[in-house]
1. Across the range 30-42, what is the total count of residues that are touching a residue at least 24 places away in the same chain (Cβ under 8 Å) and in a helix (DSSP H, G or I)?
2. Name every residue in the range 43-53 that is touching a residue at least 24 places away in the same chain (Cβ under 8 Å) and not in a loop (DSSP other than H, G, I, E, B), in order of residue number.
3. If I ask for residues that are under 11 Å from Y2 (Cα atoms) and surrounded by 12 or more Cβ atoms within 10 Å (Cβ to Cβ), which ones from the range 30-53 would you list?
4. For residues that are under 13 Å from E51 (Cβ atoms), open to solvent by less than 80 Å² (accessible area, probe 1.4 Å) and part of a strand (DSSP E or B), tally how many sit in the range 2-29.
Amino acid sequence: MYSKYVCLICGYEYDPELGDDENYIEAGIAFEDLPDDWACPLCGAGKEEFEEI
């Protein structure tokens, strides 16, 4: 089971079980394994602006 992460800027939740269709991230990709240049699909914040929930 993967952890979910929330964007501290806009509240978007990255759920590894769903992935991120907007950025072509398939389901099953852990937050830690996202590319370093991945950004929040809602506000554009970088990974450093996310916190594990």
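1. Looking only at the range 30-42, we keep the residues that are touching a residue at least 24 places away in the same chain (Cβ under 8 Å), and these are 30-31, 40-42.
Add one more test, that the residue is in a helix (DSSP H, G or I), and what stays is 31.
Going through the range 30-42 one residue at a time, the tally reaches 1.
2. Pass one, the range 43-53, residues touching a residue at least 24 places away in the same chain (Cβ under 8 Å): 43, 45, 49-53.
E49, F50, E51, E52, listed by residue number.
3. Passing the criteria: only F31.
4. Residues flagged as under 13 Å from E51 (Cβ atoms), open to solvent by less than 80 Å² (accessible area, probe 1.4 Å) and part of a strand (DSSP E or B) within the range 2-29 amount to 4.
The values are calculated or read from the model by the stated rules, or taken from the named source; none is laboratory data. What you see is a predicted model; the values in this text were computed from it and never measured. Positions of Cβ are generated from backbone atoms using ideal geometry, with glycine treated the same way; all protein chains shown enter the neighbour counts. Quick note on the areas: whole protein, heavy atoms, side chains included, nothing else; ligands and nucleic acids left out. Shrake-Rupley method; radii C 1.70, N 1.55, O 1.52, S 1.80 Å.
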